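Down below is the structure, laid out as structure tokens.
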Amino acid sequence: MKIDLYAHRLSQPSRAVEILLRELAIPYTWHAVDFANGETRQAWFARHINAFETIPALVVEADDAAPETAPSRLAESQAIMRYLCRIAPDREASAHWYATDDALRCARTDTWLAWHHNNVRAFDMFHDIMNLHLTLPMLKYELQANKLKPLQDGLRGGLAQLERQLAGQTGPTPTLCGHDHPDLADLAIACELYQIAAVGYRFTGFAHVARWLDTMAERPHFRDVSREILDQGRTIREHSGDYLDLASAFA
Ligand SMILES: N[C@@H](CCC(=O)N[C@@H](CS)C(=O)NCC(=O)O)C(=O)O
């Protein structure tokens, strides 16, 4: 099987898919898509890779496919991740991430994956952080107050729910569903929150979330795939100064 991943390392869902490919030891070819400059909206991408015009996207060719068979094109990170867990040759590893033969365990993971859209991803503030970083100093206060603050306020509700969930788990490794190994929900949500942790936001008011995120970020594949977002975060931090409210936003 030949797998091509179209992605970018500054994209949260792209990183989740790439980290999973590595965790499952599935070989893949990586293609950088310059989404910030509109590459996903170019005709070639929409026509041949993903009609939704987003990354990550996966193109899969079976080894025994007839020459006239078109490769499968997959979109949406959560669908892609579930697919990868279903086809991974290493069944033991994939069962940790998404236990395809345990309906109840999958339902619990799916619950948090679905929750993630409205409670974490919906308050993605990275675009506005980039805007703040690139804009004129005189506009920074305005952007912080009008754009970033409402997102920070919204995210706090999601962080409080995550905190309650993680506080209720008793295992040695903090995971959302209480297993001793993270699953797809841990991965998707951690990649999303790490995007702003890289800029320097600290979740000091949510101690269990902070510890869980640190534990996820220590995983070697997570660390390797997240290097670029860490560098980008550092650059933003060094140039944006106090405007970001790094210390107290989630205190
Ligand atoms: N729900 C989608 C979200 C994908 C998404 O928003 N990708 C962004 C990058 S993080 C993108 O491709 N944006 C390109 C654009 O909007 O033009 C998923 O999980 O795959």
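The values are calculated or read from the model by the stated rules, or taken from the named source; none is laboratory data. These numbers were taken from a predicted model, which means no experiment stands behind them. In this analysis, Cβ positions are derived from the backbone assuming ideal geometry, glycine residues included, and neighbour counts consider all displayed protein chains. The area values use the complete protein model at the heavy-atom level, side chains included, leaving out ligands, DNA and RNA. Shrake-Rupley method; radii C 1.70, N 1.55, O 1.52, S 1.80 Å.
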Is there a residue being crowded, with 18+ Cβ neighbours inside 10 Å, assigned to a loop (DSSP other than H, G, I, E, B) and within 10 Å of the ligand (Cβ to nearest atom) anywhere in the range 21-30? no
Expected output for the range 78-105 (first residue within 16 Å of the ligand (Cβ to nearest atom), partner in a helix (DSSP H, G or I) and among the hydroxyl-bearing types (Ser, Thr, Tyr), Cβ below 8 Å, 6+ apart or cross-chain) is 84/94; 85/94; 98/109
Among the numbered criteria (1) over 22 Å from residue 62 (Cβ atoms); (2) near the ligand (Cβ under 10 Å from one of its atoms), which one does residue 6 miss? (1)
Specify which of the listed residues (70, 66, 79) is in a loop (DSSP other than H, G, I, E, B) and open to solvent by less than 60 Å² (accessible area, probe 1.4 Å). 66
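Quick check on this structure: which one of 51, 46, 62, 36 is away from the ligand (no atom under 16 Å from the Cβ) and either under 22 Å from residue 196 (Cβ atoms) or aliphatic (A, V, I, L, M) (or both)?
Working: 51 fails: away from the ligand (no atom under 16 Å from the Cβ); 46 fails: away from the ligand (no atom under 16 Å from the Cβ); 36 fails: away from the ligand (no atom under 16 Å from the Cβ).
Sole residue among the options that is away from the ligand (no atom under 16 Å from the Cβ) and either under 22 Å from residue 196 (Cβ atoms) or aliphatic (A, V, I, L, M) (or both): 62.
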Could you say which residue among 222, 203 is outside any helix (DSSP H, G or I), crowded, with 21+ Cβ neighbours inside 10 Å and more than 16 Å from the ligand (Cβ to nearest atom)? 203
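To keep it simple, each residue is scored yes or no on (1) over 19 Å from residue 150 (Cα atoms); (2) crowded, with 21+ Cβ neighbours inside 10 Å.
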{"position": "173", "(1), (2)": "yes, no"}
{"position": "188", "(1), (2)": "yes, yes"}
{"position": "195", "(1), (2)": "no, yes"}
{"position": "198", "(1), (2)": "yes, yes"}
{"position": "207", "(1), (2)": "yes, no"}
{"position": "251", "(1), (2)": "no, no"}
